[in-house]
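What follows is a set of notes on a single structure, which appears directly below.
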Amino acid sequence: MPDRIARKTGASAPVGVFDSGVGGLTVLRALAGALPAEDFVYLGDTARLPYGTKSPESIRRYALQAASLLAARGVKCLVVACNTASAVALEDLAREFAPLPVLGVVEPGARAAARASRSGRIGVIGTQSAVASGAYQAAIRAARPGAEVVARACPLFVPLAEEGWTDPSDEVVRLVARRYLAPLAASRIDTLVLGCTHYPLLGEAIAAELPGVALVDSAGAIAGEVRERLGAVPGPGGAHRFYVTDTPERFLAVAGRFLGRPVPSAEHVDV
(Lines give C-alpha, C1' and ligand atoms only; values in the text may rest on other atoms or scores of the structure.)
Protein backbone atom coordinates (compact mmCIF):
# COMPACT_ATOMS: atom_id res chain seq x y z
CA MET A 1 0.00 0.00 0.00
CA PRO A 2 1.09 3.63 -0.52
CA ASP A 3 2.65 5.55 2.32
CA ARG A 4 0.29 6.96 4.88
CA ILE A 5 -1.26 10.28 4.00
CA ALA A 6 0.37 13.35 5.50
CA ARG A 7 -2.08 15.20 7.73
CA LYS A 8 -3.02 18.83 7.75
CA THR A 9 -2.96 20.16 11.33
CA GLY A 10 -2.86 16.71 12.86
CA ALA A 11 -6.21 14.92 12.96
CA SER A 12 -8.28 18.09 12.58
CA ALA A 13 -8.80 17.98 8.81
CA PRO A 14 -11.86 15.91 7.88
CA VAL A 15 -12.23 13.11 5.38
CA GLY A 16 -14.50 14.09 2.49
CA VAL A 17 -17.03 11.61 1.11
CA PHE A 18 -19.44 12.18 -1.76
CA ASP A 19 -22.14 10.32 -3.63
CA SER A 20 -25.01 11.24 -5.90
CA GLY A 21 -27.45 10.81 -3.01
CA VAL A 22 -28.00 8.73 0.12
CA GLY A 23 -26.38 5.48 -1.03
CA GLY A 24 -22.90 6.67 -0.13
CA LEU A 25 -23.96 6.69 3.50
CA THR A 26 -23.34 2.92 3.51
CA VAL A 27 -19.72 3.78 2.71
CA LEU A 28 -19.63 6.49 5.39
CA ARG A 29 -21.03 3.96 7.86
CA ALA A 30 -18.17 1.57 7.09
CA LEU A 31 -15.59 4.36 7.20
CA ALA A 32 -16.83 5.63 10.57
CA GLY A 33 -16.73 2.09 11.91
CA ALA A 34 -13.14 1.64 10.78
CA LEU A 35 -12.03 5.16 11.82
CA PRO A 36 -14.36 6.23 14.64
CA ALA A 37 -12.26 9.22 15.76
CA GLU A 38 -12.07 10.82 12.31
CA ASP A 39 -14.16 13.82 11.29
CA PHE A 40 -16.16 13.33 8.08
CA VAL A 41 -17.84 15.69 5.65
CA TYR A 42 -20.46 14.04 3.44
CA LEU A 43 -21.98 15.50 0.28
CA GLY A 44 -25.01 14.01 -1.41
CA ASP A 45 -25.55 15.52 -4.87
CA THR A 46 -29.28 14.99 -4.51
CA ALA A 47 -30.29 17.64 -7.05
CA ARG A 48 -28.72 15.59 -9.84
CA LEU A 49 -29.21 11.98 -8.79
CA PRO A 50 -28.98 9.32 -10.01
CA TYR A 51 -25.58 9.44 -11.67
CA GLY A 52 -26.07 5.90 -12.92
CA THR A 53 -28.29 6.89 -15.86
CA LYS A 54 -26.26 9.95 -16.95
CA SER A 55 -23.73 10.24 -19.77
CA PRO A 56 -20.02 9.87 -18.93
CA GLU A 57 -19.51 13.56 -19.67
CA SER A 58 -22.21 14.60 -17.20
CA ILE A 59 -20.91 12.22 -14.55
CA ARG A 60 -17.40 13.66 -14.84
CA ARG A 61 -18.70 17.21 -14.62
CA TYR A 62 -20.89 16.50 -11.60
CA ALA A 63 -18.13 14.57 -9.82
CA LEU A 64 -15.59 17.38 -10.35
CA GLN A 65 -18.03 19.95 -9.01
CA ALA A 66 -18.91 17.84 -5.96
CA ALA A 67 -15.25 17.20 -5.21
CA SER A 68 -14.48 20.91 -5.54
CA LEU A 69 -16.96 21.70 -2.80
CA LEU A 70 -15.36 19.21 -0.43
CA ALA A 71 -11.82 20.28 -1.32
CA ALA A 72 -12.78 23.87 -0.49
CA ARG A 73 -13.69 22.66 3.00
CA GLY A 74 -10.15 21.51 3.64
CA VAL A 75 -10.53 17.74 3.48
CA LYS A 76 -7.31 15.73 3.75
CA CYS A 77 -8.61 12.79 1.72
CA LEU A 78 -11.48 12.40 -0.74
CA VAL A 79 -13.49 9.18 -0.89
CA VAL A 80 -15.64 8.78 -3.99
CA ALA A 81 -18.42 6.69 -2.46
CA CYS A 82 -20.38 6.53 -5.70
CA ASN A 83 -19.59 3.42 -7.75
CA THR A 84 -20.64 5.18 -10.96
CA ALA A 85 -18.41 8.20 -10.33
CA SER A 86 -15.56 5.90 -9.28
CA ALA A 87 -15.95 3.90 -12.48
CA VAL A 88 -16.21 6.88 -14.83
CA ALA A 89 -14.46 9.88 -13.25
CA LEU A 90 -11.78 8.70 -10.81
CA GLU A 91 -8.82 9.47 -13.08
CA ASP A 92 -10.16 12.96 -13.79
CA LEU A 93 -10.65 13.60 -10.07
CA ALA A 94 -7.18 12.36 -9.15
CA ARG A 95 -5.59 14.54 -11.82
CA GLU A 96 -7.64 17.64 -10.99
CA PHE A 97 -7.09 17.54 -7.22
CA ALA A 98 -3.53 16.22 -6.94
CA PRO A 99 -1.81 15.98 -4.50
CA LEU A 100 -5.05 15.47 -2.50
CA PRO A 101 -5.52 11.68 -2.24
CA VAL A 102 -8.65 10.57 -4.13
CA LEU A 103 -9.88 7.04 -3.44
CA GLY A 104 -12.72 5.25 -5.23
CA VAL A 105 -14.70 2.15 -4.35
CA VAL A 106 -14.19 0.15 -7.56
CA GLU A 107 -10.63 -1.11 -7.15
CA PRO A 108 -10.95 -2.06 -3.44
CA GLY A 109 -14.15 -3.95 -4.23
CA ALA A 110 -12.53 -5.67 -7.20
CA ARG A 111 -9.52 -6.75 -5.14
CA ALA A 112 -11.78 -8.09 -2.40
CA ALA A 113 -13.77 -10.10 -4.94
CA ALA A 114 -10.63 -11.48 -6.55
CA ARG A 115 -9.46 -12.72 -3.15
CA ALA A 116 -12.86 -14.16 -2.19
CA SER A 117 -13.53 -16.16 -5.36
CA ARG A 118 -12.58 -19.81 -5.38
CA SER A 119 -13.25 -20.49 -9.07
CA GLY A 120 -12.48 -17.11 -10.63
CA ARG A 121 -16.07 -16.77 -11.87
CA ILE A 122 -17.14 -13.39 -10.49
CA GLY A 123 -20.33 -11.39 -10.99
CA VAL A 124 -20.82 -7.64 -10.77
CA ILE A 125 -24.11 -5.80 -10.38
CA GLY A 126 -24.35 -2.03 -10.58
CA THR A 127 -25.89 0.93 -12.34
CA GLN A 128 -26.14 1.11 -16.10
CA SER A 129 -23.23 3.57 -16.35
CA ALA A 130 -20.97 1.65 -13.98
CA VAL A 131 -21.52 -1.64 -15.82
CA ALA A 132 -21.16 -0.02 -19.25
CA SER A 133 -17.86 1.62 -18.26
CA GLY A 134 -16.22 -1.80 -17.80
CA ALA A 135 -14.28 -0.46 -14.82
CA TYR A 136 -15.16 -3.29 -12.43
CA GLN A 137 -14.55 -5.90 -15.08
CA ALA A 138 -11.10 -4.48 -15.86
CA ALA A 139 -10.17 -4.06 -12.18
CA ILE A 140 -11.15 -7.65 -11.35
CA ARG A 141 -9.14 -9.03 -14.25
CA ALA A 142 -6.17 -6.91 -13.24
CA ALA A 143 -6.36 -8.28 -9.70
CA ARG A 144 -6.96 -11.84 -10.90
CA PRO A 145 -5.79 -12.52 -14.46
CA GLY A 146 -7.98 -15.10 -16.19
CA ALA A 147 -11.06 -14.31 -14.11
CA GLU A 148 -14.42 -14.77 -15.82
CA VAL A 149 -16.51 -11.68 -15.07
CA VAL A 150 -20.25 -11.38 -15.69
CA ALA A 151 -21.77 -7.92 -15.17
CA ARG A 152 -25.41 -6.89 -15.05
CA ALA A 153 -27.17 -3.59 -14.44
CA CYS A 154 -29.91 -3.69 -11.80
CA PRO A 155 -31.44 -0.20 -11.83
CA LEU A 156 -34.65 -1.04 -9.96
CA PHE A 157 -32.67 -2.03 -6.86
CA VAL A 158 -32.05 1.67 -6.15
CA PRO A 159 -35.70 2.77 -5.74
CA LEU A 160 -36.48 -0.41 -3.82
CA ALA A 161 -33.74 0.39 -1.30
CA GLU A 162 -34.84 4.01 -0.96
CA GLU A 163 -38.47 3.00 -0.43
CA GLY A 164 -37.40 0.50 2.21
CA TRP A 165 -38.63 -2.44 0.16
CA THR A 166 -35.81 -4.80 1.04
CA ASP A 167 -37.49 -7.78 2.74
CA PRO A 168 -36.68 -10.93 0.75
CA SER A 169 -40.15 -12.30 1.56
CA ASP A 170 -41.80 -9.35 -0.22
CA GLU A 171 -43.15 -10.58 -3.56
CA VAL A 172 -42.06 -7.45 -5.46
CA VAL A 173 -38.53 -7.61 -4.07
CA ARG A 174 -38.26 -11.32 -4.76
CA LEU A 175 -39.49 -11.06 -8.35
CA VAL A 176 -37.23 -8.11 -9.21
CA ALA A 177 -34.22 -9.83 -7.68
CA ARG A 178 -34.97 -13.07 -9.53
CA ARG A 179 -35.40 -11.28 -12.85
CA TYR A 180 -32.03 -9.55 -12.53
CA LEU A 181 -30.03 -12.33 -10.94
CA ALA A 182 -31.19 -15.46 -12.77
CA PRO A 183 -28.59 -15.01 -15.56
CA LEU A 184 -25.85 -14.67 -12.93
CA ALA A 185 -27.02 -17.85 -11.21
CA ALA A 186 -26.93 -19.65 -14.54
CA SER A 187 -23.34 -18.51 -15.12
CA ARG A 188 -22.24 -20.36 -11.95
CA ILE A 189 -20.45 -17.43 -10.32
CA ASP A 190 -19.19 -18.01 -6.78
CA THR A 191 -18.67 -14.35 -5.85
CA LEU A 192 -20.76 -11.24 -6.52
CA VAL A 193 -19.68 -7.61 -6.17
CA LEU A 194 -22.44 -5.28 -4.97
CA GLY A 195 -21.31 -2.47 -7.25
CA CYS A 196 -23.77 0.16 -6.05
CA THR A 197 -23.98 1.70 -2.60
CA HIS A 198 -27.71 0.98 -2.37
CA TYR A 199 -27.39 -2.75 -2.94
CA PRO A 200 -26.17 -3.82 0.53
CA LEU A 201 -29.65 -2.99 1.85
CA LEU A 202 -30.95 -5.73 -0.46
CA GLY A 203 -28.24 -8.18 0.58
CA GLU A 204 -30.64 -10.76 2.02
CA ALA A 205 -32.83 -10.72 -1.09
CA ILE A 206 -29.79 -11.02 -3.35
CA ALA A 207 -28.34 -13.86 -1.28
CA ALA A 208 -31.67 -15.72 -1.42
CA GLU A 209 -31.45 -15.81 -5.23
CA LEU A 210 -27.77 -16.80 -5.27
CA PRO A 211 -27.29 -19.42 -2.56
CA GLY A 212 -23.67 -20.19 -1.82
CA VAL A 213 -22.40 -17.08 -3.61
CA ALA A 214 -20.14 -14.78 -1.56
CA LEU A 215 -21.34 -11.16 -1.60
CA VAL A 216 -18.66 -8.47 -1.64
CA ASP A 217 -19.63 -5.00 -0.44
CA SER A 218 -17.26 -2.31 -1.70
CA ALA A 219 -18.00 -0.19 1.39
CA GLY A 220 -16.13 -2.52 3.71
CA ALA A 221 -13.28 -2.87 1.23
CA ILE A 222 -12.71 0.88 0.83
CA ALA A 223 -13.01 1.44 4.58
CA GLY A 224 -10.19 -1.00 5.21
CA GLU A 225 -7.96 0.67 2.65
CA VAL A 226 -8.64 4.17 3.96
CA ARG A 227 -7.84 3.02 7.49
CA GLU A 228 -4.56 1.51 6.27
CA ARG A 229 -3.62 4.72 4.51
CA LEU A 230 -4.60 7.12 7.28
CA GLY A 231 -3.79 5.05 10.33
CA ALA A 232 -6.02 4.97 13.39
CA VAL A 233 -6.50 8.25 15.24
CA PRO A 234 -6.97 8.08 19.02
CA GLY A 235 -9.64 10.14 20.68
CA PRO A 236 -13.41 10.48 21.03
CA GLY A 237 -15.90 9.97 18.24
CA GLY A 238 -15.41 12.29 15.28
CA ALA A 239 -17.88 14.89 14.03
CA HIS A 240 -19.98 14.27 10.92
CA ARG A 241 -21.36 17.07 8.72
CA PHE A 242 -23.83 16.50 5.91
CA TYR A 243 -24.47 18.60 2.81
CA VAL A 244 -27.00 18.12 0.00
CA THR A 245 -27.57 19.95 -3.26
CA ASP A 246 -31.37 19.75 -3.08
CA THR A 247 -33.74 20.38 -0.18
CA PRO A 248 -32.70 18.24 2.82
CA GLU A 249 -36.12 16.79 3.69
CA ARG A 250 -36.08 13.75 1.41
CA PHE A 251 -32.44 13.00 2.27
CA LEU A 252 -33.14 13.16 6.00
CA ALA A 253 -36.23 10.96 5.66
CA VAL A 254 -34.27 8.00 4.28
CA ALA A 255 -30.68 8.63 5.43
CA GLY A 256 -31.00 6.65 8.65
CA ARG A 257 -31.80 3.52 6.67
CA PHE A 258 -28.40 3.71 4.97
CA LEU A 259 -26.25 5.10 7.79
CA GLY A 260 -27.72 2.90 10.51
CA ARG A 261 -28.63 5.85 12.70
CA PRO A 262 -30.69 9.03 12.28
CA VAL A 263 -29.11 12.00 10.53
CA PRO A 264 -30.37 15.02 12.51
CA SER A 265 -29.61 17.73 9.97
CA ALA A 266 -28.15 18.45 6.56
CA GLU A 267 -27.25 21.77 4.97
CA HIS A 268 -28.23 22.75 1.45
CA VAL A 269 -25.33 23.88 -0.76
CA ASP A 270 -24.95 24.83 -4.41
CA VAL A 271 -22.18 23.25 -6.49
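Every residue, every condition in (1) surrounded by 21 or more Cβ atoms within 10 Å (Cβ to Cβ); (2) touching a residue at least 40 places away in the same chain (Cβ under 8 Å); (3) touching a strand residue (DSSP E or B) at 6+ places or on another chain (Cβ under 6 Å); (4) of a type outside the set (Phe, Trp, Tyr), yes or no:
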{"residue": "Leu28", "(1), (2), (3), (4)": "yes, yes, yes, yes"}
{"residue": "Gly33", "(1), (2), (3), (4)": "no, yes, no, yes"}
{"residue": "Phe40", "(1), (2), (3), (4)": "no, yes, yes, no"}
{"residue": "Pro56", "(1), (2), (3), (4)": "no, yes, no, yes"}
{"residue": "Gln65", "(1), (2), (3), (4)": "no, yes, no, yes"}
{"residue": "Thr84", "(1), (2), (3), (4)": "yes, yes, no, yes"}
{"residue": "Glu91", "(1), (2), (3), (4)": "no, no, no, yes"}
{"residue": "Gly109", "(1), (2), (3), (4)": "yes, yes, yes, yes"}
{"residue": "Ser117", "(1), (2), (3), (4)": "yes, yes, yes, yes"}
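Please find, among Val176, Val158, Val149, Val216, the residue that is assigned to a helix (DSSP H, G or I) and over 25 Å from Ala67 (Cα atoms).
The match here is Val176.
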Practice prompt. Go through the residues of region 165-173 one by one and say whether even a single one is assigned to a loop (DSSP other than H, G, I, E, B), polar (S, T, N, Q) and without any contact (Cβ under 8 Å) to a residue 12 or more places away in the chain.
Written response: yes
Practice prompt. Scan region 115-123 and give yes if some residue there is of a type in the set (D, E, K, R), assigned by TED's automatic domain parsing to the domain that holds Ala214 and in contact with a helix residue (DSSP H, G or I) (Cβ under 6 Å, 6 or more places away or on another chain), otherwise no.
Written response: no
Worksheet entry | Qualifying positions in region 238-263 - farther than 15 Å from Arg29 by Cα and either in contact with a Cys (Cβ under 6 Å, 6 or more places away or on another chain) or not hydrophobic (A, V, I, L, M, F, W, C) (or both) | Tyr243, Thr245, Asp246, Thr247, Pro248, Glu249, Arg250
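The values are calculated or read from the model by the stated rules, or taken from the named source; none is laboratory data. Just so it is clear, the structure is predicted and the values come from calculations on it, not from any experiment. Positions of Cβ are generated from backbone atoms using ideal geometry, with glycine treated the same way; all protein chains shown enter the neighbour counts.
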